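Colleague: This is the structure I have questions about; it appears just below.
No value in this document is a laboratory result; all are computed from the given coordinates. All figures in this text were calculated on a predicted structure; none of them were measured in a lab. Neighbour counts are summed over all protein chains in view; Cβ atoms, including those assigned to glycine, are modelled from backbone coordinates with ideal geometry.
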Amino acid sequence: MERSSTLRSAPEDRLTRRQVLRDEDWGDVWTVMRILAKRHGAENVRLVVWFDN
């Protein structure tokens, strides 16, 4: 399946989570991810989301 060119971007073109998601809306998620990173290492923690229109 061909992906749209708008979905492909160079890493330097990507926004950080703080630029997209406010901490007051996602604060609990970031807290859990920090705890998991301390226990298992940051390289082993990943958040995958799916937004369906």
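Colleague: In the range 13-53, how does Rg compare with the Kirkwood Rh, expressed as the Rg/Rh ratio over alpha carbon atoms?
Modeller: 1.00
Colleague: With labels modelled as points extended 7 Å from the Cα through the Cβ direction, what inter-label distance (nm, one decimal) is found for W50 paired with L15?
Modeller: About 2.3 nm separates the two model spin labels.
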